[in-house]
């Protein structure tokens with residue numbers, strides 16, 4: 001359970017914070033300036049001995065737990081054998097096995113191929129690159145409130161200006177932004193919201209792909225109205241564009257299914273993954289139709305560290321953990337426990353989400369910041385999000401003990417009081 005021995009941050013964390021100022025770029029922010037010493041199930045223990053309840057999972061990364069025994073064992077075994085060769089120089093079995101797992105787990109029964117990469121932004125950029133190569137078209141359609149990463153093309157795809165885009169332009173061309181589905185604010189059924197979106201697309205014959213988060217992450221944990229994704233998929237088929245699902249935050253059991261597209265039986269042409277794939281090690285992928293991936297010439301995809309053998313070993317350990325512990329069911333249990341309680345909290349405009357990807361939209365960014373600050377002071381790690389910054393989001397580890405989750409919710413409830 002949580003235990004605070006000092007104020008937050010404590011003296012040792014403050015000391016490290018001063019060292020940080022002299023070494024780390026000021027542009028690298030931290031939500032909660034405590035320095036972590038180690039982790040326990042559902043808890044982060046800082047250098048001052050404070051035990052904090054983790055409702056963030058490193059932004060949906062450590063869903064299998066932190067530490068995760070299967071991941072740690074796989075990493076140790078691989079480190080003892082070799083740490084790196086670069087798959088594009090001399091390959092190794094782990095890379096192939098991860099791609100085989102991705103072909104099995106991602107939506108659709110068609111033949112698939114994958115390329116392994118380092119980060120979510122890199123996966124999204126490669127998905128766009130692959131789509132442009134396959135279609136011979138330049139255009140990319142994205143949505144209001146979208147977030148796809150911090151590299152140049154990913155920033156062009158991302159909607160939120162501050163802090164992600166401010167002062168970093170010019171951005172990559174060819175991006176077309178259209179309205180998405182935000183049921184709380186637009187009141188539209190899914191097909192209607194999709195028709196509004198595609199009606200805003202000029203020259204559809206020039207569109208290589210539509211890039212969509214099945215549930216928007218940084219934009220506010222916005223769950224599109226039923227039918228929205230299916231209508232987009234139909235439009236893509238009609239116009240020869242590819243549907244790219246950005247499942248970086250939603251993938252690997254986070255929403256109670258292997259992938260969020262599964263909830264609507266939507267089969268994307270390409271799926272971008274990262275975050276929860278490897279239990280905390282940097283790994284990402286683009287998985288999609290074999291004819292699309294295989295159309296790219298040899299040497300057109302890859303990178304020095306993409307699919308590093310240690311990260312691949314971690315991914316295999318993480319996927320084994322997801323299966324053995326049935327973390328899809330665990331995420332659904334978290335939803336059944338948390339979402340009804342969120343709906344009873346004072347000051348909530350809307351409680352929403354799926355699985356262990358849950359949030360409350362509040363009346364303002366100031367209200368969300370106040371609630372988050374109260375949680376942090378009481379030893380509970382939560383995050384804010386939303387284009388307007390007015391959403392408090394919860395991303396607990398899927399392995400979080402019930403009593404730890406309950407205590408975290410008690411703190412959140414107290415923080416929501418006027």
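Each reported figure results from applying straightforward, stated rules to the coordinates on display, with no laboratory input. Keep in mind it's a predicted model, so treat the numbers as computed, not measured. Virtual Cβ from ideal backbone geometry, glycine too; neighbours counted across all protein chains shown.
With the Kirkwood sum run over all distinct C-alpha pairs, the chain has a hydrodynamic radius of 21.9 Å.
One chain, two ends: residue 364 and residue 45. Fully extended at 0.36 nm per residue, the span grows by 111.7 nm beyond their Cα-Cα distance.
Counting every other Cβ atom within 10 Å of each residue's Cβ, 165, 275 order from fewest to most as 165, 275. Taken over segment 208-316, the ratio of Cα radius of gyration to 2.2 N^0.38 Å equals 1.13. Taking the helices alone, the chain has a mean residue ellipticity at 222 nm of -11000 deg cm²/dmol, built from -39,500 (n - 2.57) per DSSP H run of at least 4 residues and averaged over all its residues. Once R0 is set to 56 Å, what does the formula 1/(1 + (r/R0)^6) return for the Cβ-Cβ distance between residue 336 and residue 5, expressed as a FRET efficiency to the nearest 0.05? It comes out at approximately 0.95. Beta bridges from DSSP with both residues in segment 70-324: antiparallel share about 45 percent, rounded to the nearest 5.
Extension gain, residue 199 to residue 297: 0.36 nm times the residue separation minus the Cα-Cα distance gives 31.9 nm. Just to compare against my own numbers: the Cα pair-distance distribution for segment 262-409, 10 Å bins, whole % per bin, please. For segment 262-409, the pair-distance distribution reads 10, 29, 31, 22, 8, 1.
A Gaussian network model of the chain, with springs between Cα atoms under 10 Å, assigns the largest mean-square fluctuation among 22, 353, 389 to 22. Full extension of the chain between residue 344 and residue 25 gives 110.7 nm of extra length, using 0.36 nm per residue less the Cα-Cα distance. When the Gaussian network model of the chain links Cα atoms closer than 10 Å, the mean-square fluctuations of 184, 243, 293 top out at 184.
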